[in-house]
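Colleague: Would you mind keeping the following structure in view while I ask a few things?
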Amino acid sequence: MNLADSTPAMNSLLGSEADSQRTLYPYVTGTSVVGIKYKDGILLAADMGGSYGSTLRYKTVERLKPVGKHSIIGASGEISDFQEIMRYLDELILYDNMWDDGNSLGPKEVHNYLTRVMYNRRNKFNPLWNSLVLGGVKNGQKYLGTVNMIGVHYEDNHVATGFGNHLARPILRDEWHENLTFEEGVKLLEKCMRVLLYRDRSAVNKLQIAKITEAGVTISQPYSLKTFWDFSAFKNPTVGAEGSW
Amino acid sequence: MDSGDVNAPHSMGTTIIGVTYDGGVVLGADSRTSTGMYVANRASDKITQLTDNVYVCRSGSAADSQIVSDYVRYFLHQHTIQLGQPSTVKVAANLVRLLSYNNKNMLQTGLIVGGWDKYEGGKIYGIPLGGTVLELPFTIGGSGSSYLYGFFDQAWKEGMTREEAEQLVVKAVSLAIARDGASGGVVRTVTINKDGVTRKFYPGDTLPLWHEEMEPQNSLLDTLSAASPEPMVS
């Protein structure tokens, strides 16, 4: 049944009908993903929000998913494009398994595959409107990388997408260090996610944290963070400057 | 994130709802189809059959939602023959996704797929603009849905009975009609469970009255004669 699967009709180059052959803007979007390396592997965090413009429309969207045995992916941006990327990745892993040769794709390879997909779509002016975080462990080697809709990709000890770059990474630059324990890593990520909850309009207070080690992948059940509003400066913001706001 | 207000997702005429309950699903919709400010059809049927056990609520462009439904009905029909048994709700939802996602630049339709199959029971799938698919306990769509987020946040609960679910849907569509100019007419519901499909029809006069709405009367003259000597107040 190819009718529905086939790409839309061939179109001319940029110009007249080109608008039917390029993604113009996203509809249902996820916000920041934050990832760090720690002693035993990688930790990823993302909330479960799917925004529709300024409306916080969906609140149980899973934006962290396992990929094969050795990797996890976190996505921000257009959710339908992320669902399509998951289909590509599931097919990639399937083919890898069908070789049945004892070898399996590690996080570096998956990240590279994604980079090629994203960059090639960008060159055709029809991007997958996402920023992705790819983390994993294979044979003791930890890997954490990111790639976005224009094909920019890099690896680091800590990465983030969207607002996370502006709010979470400075915290991580200050407080991340080699050999964080699991508890320290989770607390650090929660600190980042709390700041994002305070300061990112598209954040929702329901998140998941994913862990990947040599042993495998676990993604936590959804949970919510406590927030803190009990400050005298909040209760009386205009004390000392009556009339201000 | 956004490239200007012109590109923010905009809502579409209609109110549509899909809700699961203990044993099945209830789909609901208003009946107004508008072309600009004119109501082209005041009694449309926006809940369309895909198979015996799967229906879809349509919102957005009438043409786009109709053609997507027609294609999906066609594919599902073939699928049912080849499978030898009723297709699942998930398959129907995925077919809708394929069309919505692969033609996202051209289509402007938000859909809610709901039905019952023997493997998963009653299921609701929301498929908004762009082609994202989300399996949810309930979902709302269309321009009228903006007025219902708060209502459902408060009124929705897990494990309702069939009657509770139907009443919730009717109340919700009716509330949306009260405030959304692009929604109106009658409330239609379709309930699907293991025993089959039931269509219900709630004309405007059977719906509750909300704030600042008055009991309709045949004519002023009715109140003129019955009331006090000075019913016409200057």
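Colleague: May I ask you to list the residues in region A:199-245 that are hydroxyl-bearing (Ser, Thr, Tyr) and over 23 Å from A:Thr31 (Cα atoms)?
Modeller: Passing the criteria: A:Thr213, A:Ser232, A:Thr238, A:Ser244.
Colleague: Are there any pairs with C-beta distances below 9 angstrom linking a residue in region A:71-83 that is under 17 Å from B:Tyr101 (Cα atoms) to a residue that is of a type in the set (Lys, Arg), with the two at least 6 apart or on different chains, and if so which?
Modeller: Sorted first by the residue in region A:71-83, then by its partner, the pairs are A:Ile79/A:Arg63; A:Ser80/B:Arg97; A:Ser80/B:Lys104; A:Phe82/A:Arg63; A:Phe82/A:Lys65; A:Gln83/B:Arg97.
Colleague: Quick check: anything in region A:26-49 farther than 16 Å from A:Gly135 by Cβ, of a type outside the set (A, V, I, L, M) and surrounded by fewer than 18 Cβ atoms within 10 Å (Cβ to Cβ)?
Modeller: Checking region A:26-49: not a single residue is farther than 16 Å from A:Gly135 by Cβ, of a type outside the set (A, V, I, L, M) and surrounded by fewer than 18 Cβ atoms within 10 Å (Cβ to Cβ).
Colleague: Return the residues of region B:87-98 that are under 23 Å from B:Gly28 (Cα atoms) and either assigned to a loop (DSSP other than H, G, I, E, B) or within 13 Å of chain A (Cβ to nearest Cβ) (or both); say none if nothing qualifies.
Modeller: Across region B:87-98, the qualifying residues are B:Ser87, B:Thr88, B:Val91, B:Ala92, B:Ala93, B:Asn94, B:Leu95, B:Val96, B:Arg97.
Colleague: Can you tell me which residue is surrounded by the most Cβ atoms within 10 Å (Cβ to Cβ) among those in region B:128-144 that are hydroxyl-bearing (Ser, Thr, Tyr) and closer than 14 Å to B:Ala29 by Cβ?
Modeller: Across region B:128-144, the extreme among qualifying residues is B:Thr139.
Colleague: With respect to B:Lys104, is the statement that it is surrounded by fewer than 22 Cβ atoms within 10 Å (Cβ to Cβ), at negative phi and within 11 Å of chain A (Cβ to nearest Cβ) true?
Modeller: It is true that B:Lys104 is surrounded by fewer than 22 Cβ atoms within 10 Å (Cβ to Cβ), at negative phi and within 11 Å of chain A (Cβ to nearest Cβ).
Colleague: Given the condition in a loop (DSSP other than H, G, I, E, B) and in contact with a Leu (Cβ under 8 Å, 6 or more places away or on another chain), answer yes or no: does some residue in region B:20-40 qualify?
Modeller: no
Colleague: Has region A:191-198 got any residue that is among the charged types (D, E, K, R) and in a loop (DSSP other than H, G, I, E, B)?
Modeller: no
Colleague: Could you please find all residues in region B:45-78 being within 14 Å of chain A (Cβ to nearest Cβ), touching a residue at least 40 places away in the same chain (Cβ under 8 Å) and of a type in the set (Asp, Glu)?
Modeller: B:Asp64
Colleague: I need the full set of residues from region A:149-173 which are closer than 30 Å to A:Lys124 by Cβ and either surrounded by fewer than 18 Cβ atoms within 10 Å (Cβ to Cβ) or free of Cβ contacts under 8 Å to residues at least 40 places away in the same chain (or both), in order please.
Modeller: Of everything in region A:149-173, those that are closer than 30 Å to A:Lys124 by Cβ and either surrounded by fewer than 18 Cβ atoms within 10 Å (Cβ to Cβ) or free of Cβ contacts under 8 Å to residues at least 40 places away in the same chain (or both) turn out to be A:Ile150, A:Gly151, A:Val152, A:Tyr154, A:Glu155, A:Asp156, A:Asn165, A:His166.
Colleague: While we're here: Can you name the number of the only condition in (1) surrounded by 18 or more Cβ atoms within 10 Å (Cβ to Cβ); (2) in contact with a strand residue (DSSP E or B) (Cβ under 8 Å, 6 or more places away or on another chain) that A:Thr218 fails?
Modeller: Looking at each condition in turn, A:Thr218 falls short on (1).
Colleague: From the list B:Tyr125, B:Tyr147, pick out the single residue that is closer than 19 Å to B:Thr51 by Cα and crowded, with 18+ Cβ neighbours inside 10 Å.
Modeller: Answer to the check: B:Tyr125.
Colleague: Counting only residues that are within 15 Å of the chain's Cα centre (by Cα), give me the strands (runs of 3 or more DSSP E) lying completely in region B:103-188 with at least 2 of them.
Modeller: Result: B:109-117, B:121-127, B:138-141.
Colleague: Same structure again: Does A:Arg121 satisfy being assigned to a helix (DSSP H, G or I) and touching a Leu at 6+ places or on another chain (Cβ under 6 Å)?
Modeller: yes
Colleague: Let me ask you something else. Name the single residue, out of those in region A:61-105 being under 22 Å from A:Ala46 (Cβ atoms) and in a loop (DSSP other than H, G, I, E, B), that is nearest to the other protein chains (Cβ to nearest Cβ).
Modeller: Only one residue tops the list, namely A:Val61.
Yes or no, residue by residue, for (1) touching a strand residue (DSSP E or B) at 6+ places or on another chain (Cβ under 6 Å); (2) at pLDDT 95 or above:
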| position | (1), (2) |
| --- | --- |
| A:Gln21 | no, no |
| A:Gly53 | no, no |
| A:Ile79 | yes, yes |
| A:Phe82 | yes, yes |
| A:Leu94 | no, yes |
| A:Pro107 | yes, yes |
| A:Asn112 | no, yes |
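Colleague: Continuing with the same structure: Any idea which of B:Ala62, B:Ala43 is out of contact with any helix residue (DSSP H, G or I) (no Cβ under 6 Å at 6 or more places or on another chain) and under 29 Å from B:Arg162 (Cα atoms)?
Modeller: Being out of contact with any helix residue (DSSP H, G or I) (no Cβ under 6 Å at 6 or more places or on another chain) and under 29 Å from B:Arg162 (Cα atoms) holds for just one of B:Ala62, B:Ala43, which is B:Ala43.
Colleague: Turning to a different aspect of this structure: Going by the structure shown, is B:Glu166 in contact with a strand residue (DSSP E or B) (Cβ under 6 Å, 6 or more places away or on another chain), of a type outside the set (Gly, Ala, Ser) and surrounded by fewer than 18 Cβ atoms within 10 Å (Cβ to Cβ)?
Modeller: Taking the combined requirement at face value, the residue does not satisfy it.
The values are calculated or read from the model by the stated rules, or taken from the named source; none is laboratory data. Just so it is clear, the model here is predicted, and its values are computed rather than measured. Using ideal geometry, Cβ is built from the backbone for each residue, glycine included, and neighbour counts are taken over all protein chains shown.
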